[in-house]
Amino acid sequence: MQKQDIQQATITLPYFNYEVPVVYLADGTAYLPVRALCRMLGLPAETHIPRWQKLVIWFNARKLPLQTARGQRMVWCLHMGALPFLCACFNWSLVSIERREQLRHANNAWLKEVAQAQRVLLDRYRSLRRDLFTFLDAYSDAETWLDQWALHLSATLDATSSRQFETLLSQGKTLISEATAHACKIVQEQTVAPIIGVVTLDAKGAVTEIETQPLFPVVPSEDREQLFASVRKLARWHQDTAAFIGNLERSQNGESE
């Protein structure tokens, strides 16, 4: 990684009121030096970093250049978004009472943010799921109504218009098939995705399940993009078909006058 790809600054971490250096990649992604976090928490880096390197949290850790009073050094850094998870990877009794209280406040705030993000993801997931079923229902008999439409109009078309219409119908059937295939794929993947039960616990300890929801309410971006691209093509086909019918009606009205 070239030097010009890296920018360094200093920020004050929320909840801890402590300044740490931050390293920004060219795309704006922020990384925090792990040793600086250890100093903030009062934890010995030599003891904890080797332990953390064995955990999933270290998967996206990177060695990045950091300018210090002694010159530039390559240091281990964690994505800024990993800070809440890092704070769950050590015994809080090892830090000062003040830091422990700050950790408690920070953890409560992070849990609320995670819950809110989960609700947003779940709402989007459910909305997309409803739209998928509406779309599939709307085009469930597409082949039949396109053939009926062709039969109805064929007697009113001249040779040129008939060829244009046949091309439009063929394109429509292909586009509908592609779009519904993408929609079906997403729906089928949702049916096999793991789900969790949401329960309530009353004062007597009785558990009542109130709903179920997907463990990971996310549709892969590649699947979404393929679906949206197919739907955009289908929408353009509808526009082209409407324009064809409009031109046909105007032509026929002109002939009848």
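The values are calculated or read from the model by the stated rules, or taken from the named source; none is laboratory data. A quick note: this is a predicted structure, and the numbers were derived from the prediction, not measured. With ideal geometry, Cβ positions are generated from the backbone for all residues, glycine too; neighbour counts draw on all protein chains shown.
Residues checked against (1) assigned by TED's automatic domain parsing to the domain that holds residue 48; (2) over 30 Å from residue 184 (Cα atoms); (3) touching a helix residue (DSSP H, G or I) at 6+ places or on another chain (Cβ under 9 Å):
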position: 102; (1), (2), (3): no, yes, no
position: 110; (1), (2), (3): no, yes, yes
position: 113; (1), (2), (3): no, yes, yes
position: 140; (1), (2), (3): no, no, yes
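Provide a single number: the residues in the range 1-60 that are assigned to a loop (DSSP other than H, G, I, E, B), among the charged types (D, E, K, R) and either under 24 Å from residue 107 (Cα atoms) or touching a residue at least 60 places away in the same chain (Cβ under 8 Å) (or both). So the count comes out to 1. Starting from the range 121-132, keep only residues that are closer than 8 Å to residue 217 by Cβ, then list their pairs with residues that are β-branched (Val, Ile, Thr) whose Cβ atoms are within a distance under 8 Å, requiring at least 6 positions of separation or different chains. If the second residue must be β-branched (Val, Ile, Thr), the pairs left are 121/218; 125/218; 125/219. Of the residues 120, 192, 187, 95, the single one that is in contact with a helix residue (DSSP H, G or I) (Cβ under 6 Å, 6 or more places away or on another chain) and farther than 25 Å from residue 237 by Cβ is 95.
I'd like to know if the range 122-131 contains one or more residues that are in contact with a strand residue (DSSP E or B) (Cβ under 8 Å, 6 or more places away or on another chain) and either over 30 Å from residue 177 (Cα atoms) or of a type in the set (Ser, Thr, Tyr) (or both).
Yes: the range 122-131 contains one or more residues that are in contact with a strand residue (DSSP E or B) (Cβ under 8 Å, 6 or more places away or on another chain) and either over 30 Å from residue 177 (Cα atoms) or of a type in the set (Ser, Thr, Tyr) (or both).
I'd like to check which helices (runs of 4 or more DSSP H) are fully inside the range 82-175 and have at least 2 residues that are farther than 30 Å from residue 34 by Cβ and of a type in the set (Lys, Arg).
Details: elements: 83-86, 97-138, 142-154.
Hits in the range 82-175: 97-138.
When residue 173 is tested against (1) out of contact with any Leu (no Cβ under 7 Å at 6 or more places or on another chain); (2) within 17 Å of residue 149 (Cα to Cα), just one condition goes unmet, and that condition is (1).
Selection of the range 152-209 for residues being in contact (Cβ under 8 Å) with a residue 24 or more places away in the chain and of a type in the set (Val, Ile, Thr) yields 156, 176, 180, 186, 187.
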